[in-house]
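S.K.: Let me give you the structure first, and then I'll get to my questions.
The values are calculated or read from the model by the stated rules, or taken from the named source; none is laboratory data. Only a predicted model underlies this, so the values are computations on that prediction, with no experimental measurement involved. No Cβ is skipped: glycine too gets one built from the backbone with ideal geometry, and neighbour counts run over all protein chains shown. The accessibility values were calculated without ligands, DNA or RNA, using every heavy atom of the protein model including side chains. Shrake-Rupley method; radii C 1.70, N 1.55, O 1.52, S 1.80 Å.
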Amino acid sequence: MFDLVLRGGEVHDGLGSPAVTADVAVLGGRVAAIGRDPGPARRTIDVTGLAVAPGFVDPHCHSDLVPMLPQAQPFKLLQGVTTEVSGNCGFSFGPVTEPFRELMTAYAGAEVGVGSFAEHLAAVEAAGPTNHMATLVGHSTLRMAVAGFDAELGPKALEEMCRLADEAFAAGAAGLSSGLIYPPGSFAGTGELVALAKVAHRHGRPYTTHLRDEGLGLAEALDEAVEIARRAGVRLQVSHCKAAGPRSHGGAALLLGRLRAARAEGVDVRGDQYPYLAGATTLSALVPPAALEGGIDALRARLADVGALRAAAEDPEARTGTGLWRDTTAEGVLIVTHTDPSVVGRRLSELPGDPFATACRLIADDPAASMVVTMMAEPDVRTIMADPLIGIGSDNGMPVGLEHPRTWGCFPEFLGTYVRGLGIVPLAEAVRKMTSANARIFPLRDRGVLLTGAHADITVFDPATVGHPGTYAVPDARPTGIPYVLLEGVPVVEEGEFTGGRHGRMLRL
């Protein structure tokens, strides 16, 4: 007898095949059968007329510390996401060394303890994830562990970074990530990244990257990422693909062309994207990364010289390394976290004084402050989204406070606005972009597909009603049209409500 049967749904395998009307039987946490009337079950759920899909896989999240929150957090399960990959953009929360613990804490805006990558995974596992989690080891974290925010590495420092990376992969890290607009990762040359990616290669893990530039320097940044992957022999995932800033709008074709050219040369490269015109990151990303060299005190000293910093941020000759200031507007910067609550929820254009000078003051007052920042153009978003090389990834933050609506609604927003509303891709392809296309890069074995023998991570949604009503002003609205989610056969969402508990696992690859 089966544990559970989902009866009569439109079943998607996650590989892009047309849906078939079938029953899905679950036994012992695995998919036991797919077909008509597979046999008796302890429980049967009628899902006639609904889409039955593999649980969605989020390849790009910043949920690293979510399991440490006192209450179980269902914000991803309510979107249909059963597995997410953290440690992105070069920042993981291990390994952390004592000399730089306070620096890491100040930059992260959260208390960080000393420990190895393995100890970080153990702490997350002990806290109890609400959904499954895999974690990358961050290049910036490795660099901070040996050199803090110094631009130059000392003797043997890279060798020590490679040793720490090797330890992380042995402990189960899902890959190596970089965030090359963020210090201290931005201080690294290509050779440093190749050396670390070669360690990933030895363990069969991919390299994921927040490119060195997503605006005017997009072409060069893509070329560097491909060069790193080629020289190291690793799979490459380009994070949150975009053409950022007005002077780069229309760059979707360039980005996709570079990815296809790399694949033609033998580099296994893919990408992910969130379905919004705005991103979210630290407020300090507005200024040139070099301003952060040496740590927080050095940053504050440079922020005091607004004229010099503005000249560097607006340098018309620079292709990269200027920060995000020239890729947005004062109206496009919405402050979402800051130690001064009076500025939270306000746009930079709404605050008194010169916007750039105001930004410098706000960063100095709270270096860990964050923003939602509008940078993209709708035609680019749609062009990138339609390409089969691109999966959907949320790039979410912590599910508290204002944050970006993608935290609570990325996947239903994609399904509701872009798939049902605009018809950017057919439904079967949309499911593939949220499941197997994301799972295979790491690889997350037996996840992201709905096949006999796979883990019974399953999302049931209504294609006619799925969506997210959240906005930048009210981002944490409940998604619609996702009545059931199973986590290894356990119903964790029923009738659109979280059933409670922490049933996720830490996935060590």
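S.K.: Search the structure for amide H atoms under 5 Å from the amide H of GLN73, placed 1.01 Å from N in the peptide plane, and list their residues when 5 or more places away or on another chain.
M.R.: THR130
S.K.: Note down the accessible area of HIS210, probe 1.4 Å, to the nearest 10 Å².
M.R.: We get 10 Å² for HIS210.
S.K.: Enter the angle in degrees (range 0 to 90, nearest 10) between the Cα long axis of helix 252-264 and the first principal axis of the Cα atoms of the chain, meaning the one along which they spread out most.
M.R.: 70 degrees
S.K.: Taking a 1.4 Å probe, which of HIS468, HIS503, HIS203 shows the most accessible area, and what order do the others take after it?
M.R.: From most exposed to least exposed: HIS503, HIS203, HIS468.
S.K.: For the chain, give the percent of accessible area contributed by carbon and sulfur heavy atoms, probe 1.4 Å, rounded to a whole number.
M.R.: 54 percent
S.K.: Please sort by residue number the chymotrypsin sites (Phe, Trp or Tyr not before Pro) in region 268-363 whose DSSP state is loop and whose Cβ has at most 15 other Cβ atoms within 10 Å.
M.R.: The qualifying sites: there are none.
S.K.: Sticking with this structure for a sec: Taking a ≥ b ≥ c as the square roots of the Cα gyration tensor eigenvalues, with a/c under 1.5 meaning rounded and otherwise prolate when a/b beats b/c, else oblate, which class fits region 121-259?
M.R.: prolate
S.K.: Under 5 Å between amide H atoms, partner at least 5 residues away or on a different chain: which partners does VAL490 have, H built in plane at 1.01 Å?
M.R.: Residues meeting the amide H criterion: none.
S.K.: Let me ask you something else. Among all lysine pairs in the chain that are eight or more places apart or on different chains, how many have alpha carbons less than 24 angstrom apart?
M.R.: Count of close lysine pairs: 4.
S.K.: Scanning the chain for GluC sites (Glu not before Pro) in DSSP loops with at most 16 other Cβ atoms within 10 Å, what's the longest stretch left with none?
M.R.: So the longest stretch without any such site is 332-494.
S.K.: Could you work out the relative contact order of region 163-218, using alpha carbon pairs under 8 angstrom and six or more residues apart, expressed as a whole percent?
M.R.: Rounded, it is 46 percent for region 163-218.
S.K.: With the contact rule set at Cα under 8 Å and sequence spacing of 6 or more, what percent relative contact order holds for region 49-155?
M.R.: 33 percent
S.K.: Let me ask another. Between rounded, prolate and oblate, where does region 143-187 land on the alpha carbon gyration tensor, with a ≥ b ≥ c its root eigenvalues, rounded for a/c under 1.5, else prolate if a/b exceeds b/c?
M.R.: In terms of gyration-tensor shape, oblate.
S.K.: Under the rule of at least 5 residues apart or a separate chain, name every residue whose amide H is placed under 5 Å from the amide H of ALA280.
M.R.: Here VAL373 satisfy the definition.
S.K.: Could you work out [θ]222 nm for the chain from helices alone, using -39500 (n - 2.57) per DSSP H run of at least four and dividing by all its residues? Round to the nearest 500 deg cm²/dmol.
M.R.: Counting only the DSSP helices, I get -8000 deg cm²/dmol.
S.K.: Averaging sequence separations of C-alpha pairs under 8 Å and six or more residues apart, then dividing by the length of the chain, give the relative contact order as a whole percent.
M.R.: About 21 percent, as a whole number.
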